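The values are calculated or read from the model by the stated rules, or taken from the named source; none is laboratory data. Predicted model, so just to flag it, every value in this text is computed and none were measured. FYI the Cβ positions are ideal-geometry reconstructions off the backbone, even for glycines, and counts take in every protein chain you see.
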Amino acid sequence: MTMDRRTILKKAGVVATTGAVAGCIGVDEQGETDSGNNGGGSDNGPSGTATVWYSLAESERNGRQEAIEQFEEETNHSVNASNISDMAQRTTSAIPAGQGPHVFEWANDWVGDYSERGFLVDQTDQLNVDIDEFIEAAAEAVQFDGGIYGLPYDSETVTLIYNTDLIDEAPESVADMTSMMDELHDPSSNQYGLSYPFADPYFLSPWLQAFDGYIFDPEADEELGVTSPEVVRGAEFAVENFVPYTPNDPEYEPQASVFAEGNAAFAINGPWYLETLNEKGVNYEVTTLPAVEGGEPTPYTGITMWYFATGMEENNDDTVAAQDFVEWYVTNEELMLRNAEEQGSIPVLKSLVEDNDLPDTVQTFAEVVERGIPMPSDPKMNQVWNPVRNALTEMFNDSTEPQPALEQAANEIRSNWE
């Protein structure tokens, strides 16, 4: 199973970004075709039509349409854009048949799988953008086996959020945090210390990897790290310090809802969650993950990127238009800053992140991203998520201790790999 953070959360009804990214032309969420919009722009230079796919919630589409129209006005190109409801199914069927887009937008965890299956093109030698313009995590995320298969534009991760009606200041350490939760946790009154989707390995990654452990590292001598003493220690730490203060269901919606209703002191969640909190009128602050003695919380980060699909190796006006669009989009500081201000999007351009010009909440998430590591893009990672999720669920329900639960997950993963 591919870990699809954006789609999972949108289907849960809790994705939080507003405004600025959206489908304007082509296929909508139901697969219906709309008429194209061929923009004007300069009369100088060749004119091409870029075919662009993405998968966005309705609330995100107007901003994307505005960005595309701006690109068309500033260039001699047109963009044939489609919002695709099932990106995995459409790309895996259309690209091999020669009916796919020039470029498509998705999280970075498809890079390894799609490049090995021949769905992507290495554009290293054709780029007009220096990959070093992006933060290290983003630059690494778009590469696989020495090739660059797309360009990044924003990121996501999880960090600590606290209710300012209940908590005066951010805890510096997990010990401080548990002390605060002890005072406020009262399930009988529907009050909880923490909102935390414990069953999700992405959300638990800060602690599983806090003590120099790793869940999966294709470059390590032992690729799979889930049974290492360091990861077991991280799991034990999370069970001891967080589970006692959460609602009794480890899945996303029941956990996220208690903080959104003002009934939890803390939440560990991502930037997509902020719109929900704003809509609910929750008074909150975003802060970095609290310190842990003997380690450092190291979350997974997801990087949203534009993929270069097979066919981009052809040198014609349309592929030039597609590459021009992607390079324009990912390096447009004004657009990235507007996305940050309007939707909480976390830019990965060094120039924005390092200048501290971002909104405070976005800047905090950006700092956490820099401390994290990208979700592995190796195809083997797709077989890691579900077994680890099952192990975390068993730990949460107190049905299995962390070590045997993770050993069971490792056996399942290795069996799937075979």
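So, of the residues in region 267-295 that are of a type in the set (Ser, Thr, Tyr) and either outside the structural domain of Asp165 (by TED's automatic domain parsing) or part of a helix (DSSP H, G or I) (or both), which turns out to be nearest to the chain's Cα centre (by Cα)?
That would be Tyr273.
Report whether or not Ser189 is assigned by TED's automatic domain parsing to the domain that holds Leu289, hydroxyl-bearing (Ser, Thr, Tyr) and closer than 19 Å to Tyr284 by Cα. Spell out the reasoning first.
Working: assigned by TED's automatic domain parsing to the domain that holds Leu289: yes; hydroxyl-bearing (Ser, Thr, Tyr): yes; closer than 19 Å to Tyr284 by Cα: no.
Judged against the criteria, Ser189 is not a match.
What helices (runs of 4 or more DSSP H) completely inside region 100-203 contain at least 1 residues that are farther than 30 Å from Glu314 by Cα?
Here the list reads 174-184.
Considering every residue within region 266-275, establish whether at least one is surrounded by fewer than 19 Cβ atoms within 10 Å (Cβ to Cβ), farther than 27 Å from Gln143 by Cα and touching a residue at least 60 places away in the same chain (Cβ under 8 Å).
yes
Identify, by number, the condition in (1) of a type outside the set (A, V, I, L, M); (2) under 30 Å from Phe198 (Cβ atoms); (3) assigned to a helix (DSSP H, G or I); (4) touching a residue at least 24 places away in the same chain (Cβ under 8 Å) that Thr298 doesn't meet.
Result: Thr298 fails condition (3) only.
Residues being modelled with pLDDT of 95 or more and under 21 Å from Glu156 (Cβ atoms): count how many of those fall in region 265-297.
Within region 265-297, residues that are modelled with pLDDT of 95 or more and under 21 Å from Glu156 (Cβ atoms) number 14.
Given the condition at pLDDT 95 or above, among the polar types (S, T, N, Q) and on the phi < 0 side of the Ramachandran plot, answer yes or no: does some residue in region 368-378 qualify?
No, every residue in region 368-378 fails to be at pLDDT 95 or above, among the polar types (S, T, N, Q) and on the phi < 0 side of the Ramachandran plot.
Suppose we keep only residues that are in contact (Cβ under 8 Å) with a residue 12 or more places away in the chain, under 16 Å from Thr287 (Cα atoms) and not aromatic (Phe, Trp, Tyr) within region 354-365. Which one would you say is surrounded by the most Cβ atoms within 10 Å (Cβ to Cβ)? Write out each step before concluding.
Within region 354-365, the first condition is being in contact (Cβ under 8 Å) with a residue 12 or more places away in the chain, and the residues that meet it are 357-362, 364-365.
Restricting the remaining residues to those that are under 16 Å from Thr287 (Cα atoms) gives 358-362, 364-365.
This time we only want the ones that are not aromatic (Phe, Trp, Tyr), so: 358-362, 364.
Numbers: Leu358: 22, Pro359: 14, Asp360: 10, Thr361: 19, Val362: 25, Thr364: 21.
Filtering first and then ranking leaves Val362.
Could you identify the single residue in Val368, Val384, Val388, Val320 that is under 30 Å from His102 (Cβ atoms) and crowded, with 17+ Cβ neighbours inside 10 Å? Spell out how you get there, then give the answer.
Numbers: Val368 fails: under 30 Å from His102 (Cβ atoms); Val384 fails: under 30 Å from His102 (Cβ atoms); Val388 fails: under 30 Å from His102 (Cβ atoms).
Going through Val368, Val384, Val388, Val320 in turn, just one is under 30 Å from His102 (Cβ atoms) and crowded, with 17+ Cβ neighbours inside 10 Å: Val320.
Please go through region 236-266 and give me each residue that is of a type in the set (Ser, Thr, Tyr) and over 24 Å from the mean Cα position of the chain (by Cα), ordered by number.
Tyr245
Restricting region 95-121 to residues that are among the charged types (D, E, K, R), surrounded by fewer than 22 Cβ atoms within 10 Å (Cβ to Cβ) and in contact (Cβ under 8 Å) with a residue 60 or more places away in the chain, which is farthest from Ser377 (Cα to Cα)?
Keep residues of region 95-121 that are among the charged types (D, E, K, R), which gives 105, 109, 113, 116-117.
Next cut, surrounded by fewer than 22 Cβ atoms within 10 Å (Cβ to Cβ) only: 113, 116-117.
Keeping just the survivors that are in contact (Cβ under 8 Å) with a residue 60 or more places away in the chain gives 113, 116.
Numbers: Asp113: 7, Glu116: 11 Å.
Applying the filter and picking the extreme gives Glu116.
Can you tell which of Thr91, Thr49 is β-branched (Val, Ile, Thr), touching a strand residue (DSSP E or B) at 6+ places or on another chain (Cβ under 7 Å) and surrounded by 22 or more Cβ atoms within 10 Å (Cβ to Cβ)?
Within the list Thr91, Thr49, the selection yields Thr91.
Looking only at region 146-162, filter to residues that are closer than 27 Å to Arg117 by Cβ and over 17 Å from the mean Cα position of the chain (by Cα); which one of those is surrounded by the fewest Cβ atoms within 10 Å (Cβ to Cβ)? Let's see the steps before the verdict.
We begin by selecting, within region 146-162, every residue closer than 27 Å to Arg117 by Cβ; these are 146-156.
From the residues that got through so far, the ones that are over 17 Å from the mean Cα position of the chain (by Cα) too are 146-149.
Numbers: Gly146: 7, Gly147: 16, Ile148: 21, Tyr149: 27.
Top of the filtered list is Gly146.
Tell me whether region 326-344 contains one or more residues that are closer than 29 Å to Gly234 by Cβ, β-branched (Val, Ile, Thr) and touching a residue at least 40 places away in the same chain (Cβ under 8 Å).
no
Are any residues in region 110-134 closer than 22 Å to Met336 by Cβ and in contact with a strand residue (DSSP E or B) (Cβ under 8 Å, 6 or more places away or on another chain), and if so, which ones?
Across region 110-134, the qualifying residues are Val111, Gln123, Leu127, Val129, Ile131, Glu133, Phe134.
Out of the residues in region 52-88 meeting the condition of being farther than 19 Å from Leu120 by Cα and among the hydrophobic types (A, V, I, L, M, F, W, C), tell me which one is surrounded by the most Cβ atoms within 10 Å (Cβ to Cβ).
Of everything passing the filter in region 52-88, Val79 is surrounded by the most Cβ atoms within 10 Å (Cβ to Cβ).
Given (1) in contact with a helix residue (DSSP H, G or I) (Cβ under 6 Å, 6 or more places away or on another chain); (2) farther than 23 Å from Thr304 by Cα; (3) not acidic (Asp, Glu), where does Leu184 come up short, assuming only one miss?
(1)
Could you list all residues from region 329-351 that are among the polar types (S, T, N, Q), under 30 Å from Ile215 (Cβ atoms) and either in a loop (DSSP other than H, G, I, E, B) or in the same structural domain as Leu274 (by TED's automatic domain parsing) (or both)?
Of everything in region 329-351, just one residue is among the polar types (S, T, N, Q), under 30 Å from Ile215 (Cβ atoms) and either in a loop (DSSP other than H, G, I, E, B) or in the same structural domain as Leu274 (by TED's automatic domain parsing) (or both), namely Ser345.
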